[in-house]
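The values are calculated or read from the model by the stated rules, or taken from the named source; none is laboratory data. Note that the structure is predicted; figures quoted are calculated from it, not measured. Heads up, the Cβs are rebuilt from the backbone with ideal geometry, glycines too, and the neighbour counts pull from every protein chain shown. For the accessible areas, the whole protein counts, side chains as well, though only heavy atoms, and no ligand, DNA or RNA atoms are used. Shrake-Rupley method; radii C 1.70, N 1.55, O 1.52, S 1.80 Å.
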Amino acid sequence: MKKLLIRKCKIKDSLTILKIFNESVNKGLTGTRKKIKYLAHQKWFLQKMQSNRDFIFIGEFGGEIIGYVRFDNIYFNQCEISIGLKNRFIKKGFGSKLLKRSISKLKNIINIKSIKSRVKKKNIRSINFFIKNNFKEIVSKEKDKDKENYRYFSIFVR
């Protein structure tokens, strides 16, 4: 029986993460409009892998990488999250399992209390995903140029 395996990211996962991210770029669901080129991605990826403020977890199902969860800018028990799944694994329950189990793995490594997410307003699927997984929308009264294009979510981790 196949089961979902969650593990820390390895250098060899770089290209798969790039492909998954660029699938989202194609759909217009990311902060960037252009696909990320391999060399730029590799530089960014190596910095993430060497950082003690960033963690990436990989989800595998039946030996195949299905997606990733990235925890960025961990500072004062808070971080930002990004999650990406291969298109054919979306809307099948893998995202929620990957999210919950990655948070659990992160908690075993570092004391985390709050996780925040920034989602493009037109990315209805991701907005619904975070709400379904108990993230609460953050409504800010501050003037923020990104507020026109993004919605913000947060969850407190126990």
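In segment 23-47, what residues are of a type outside the set (Gly, Ala, Ser), at pLDDT below 70 and open to solvent by less than 60 Å² (accessible area, probe 1.4 Å)?
Result: 25, 29, 30, 32.
Taking the condition open to solvent by 70 Å² or more (accessible area, probe 1.4 Å), assigned to a loop (DSSP other than H, G, I, E, B) and in contact with a strand residue (DSSP E or B) (Cβ under 9 Å, 6 or more places away or on another chain), does residue 134 pass? Before you say what the answer is, go through the steps one by one.
Working: open to solvent by 70 Å² or more (accessible area, probe 1.4 Å): yes; assigned to a loop (DSSP other than H, G, I, E, B): yes; in contact with a strand residue (DSSP E or B) (Cβ under 9 Å, 6 or more places away or on another chain): yes.
When the stated conditions are applied, residue 134 passes them.
Quick check on my filter: what residues within segment 66-89 are open to solvent by 40 Å² or more (accessible area, probe 1.4 Å) and either aliphatic (A, V, I, L, M) or within 22 Å of residue 2 (Cα to Cα) (or both)?
83, 86, 87, 88, listed by residue number.
Return the total of residues in segment 140-158 being open to solvent by less than 60 Å² (accessible area, probe 1.4 Å), more than 20 Å from residue 84 (Cα to Cα) and either modelled with pLDDT under 90 or out of contact with any helix residue (DSSP H, G or I) (no Cβ under 7 Å at 6 or more places or on another chain) (or both).
First, the residues of segment 140-158 that are open to solvent by less than 60 Å² (accessible area, probe 1.4 Å): 140, 146, 150, 152-155, 157.
If we keep only those that are more than 20 Å from residue 84 (Cα to Cα) too, we end up with 140, 146, 157.
Subsequent filtering for residues that are either modelled with pLDDT under 90 or out of contact with any helix residue (DSSP H, G or I) (no Cβ under 7 Å at 6 or more places or on another chain) (or both) retains 140, 146.
Result for segment 140-158: 2.
Checking the conditions here, which among 110, 124, 65, 58 is more than 15 Å from the chain's Cα centre (by Cα) and touching a residue at least 40 places away in the same chain (Cβ under 8 Å)? If you could, list the steps in order and put the result at the bottom.
Details: 124 fails: touching a residue at least 40 places away in the same chain (Cβ under 8 Å); 65 fails: more than 15 Å from the chain's Cα centre (by Cα); 58 fails: more than 15 Å from the chain's Cα centre (by Cα).
Sole residue among the options that is more than 15 Å from the chain's Cα centre (by Cα) and touching a residue at least 40 places away in the same chain (Cβ under 8 Å): 110.
Pick from segment 123-139 the residues that are basic (Lys, Arg) and modelled with pLDDT of 95 or more: which of them is farthest from residue 85 (Cα to Cα)?
Start the filter on segment 123-139 by keeping residues that are basic (Lys, Arg), which leaves 125, 132, 136.
After this cut, where a residue has to be modelled with pLDDT of 95 or more as well, the list is 132, 136.
Numbers: 132: 17, 136: 22 Å.
Taking the candidates together, the pick is 136.
Let me confirm something: among 96, 104, which residue is polar (S, T, N, Q) and open to solvent by less than 30 Å² (accessible area, probe 1.4 Å)? Give the steps one after another, and end with the answer.
On the way: 104 fails: open to solvent by less than 30 Å² (accessible area, probe 1.4 Å).
Unique residue meeting the criteria: 96.
Residue 15 fails exactly one of the following numbered conditions: (1) part of a helix (DSSP H, G or I); (2) out of contact with any His (no Cβ under 9 Å at 6 or more places or on another chain). What is the number of that condition?
(2)
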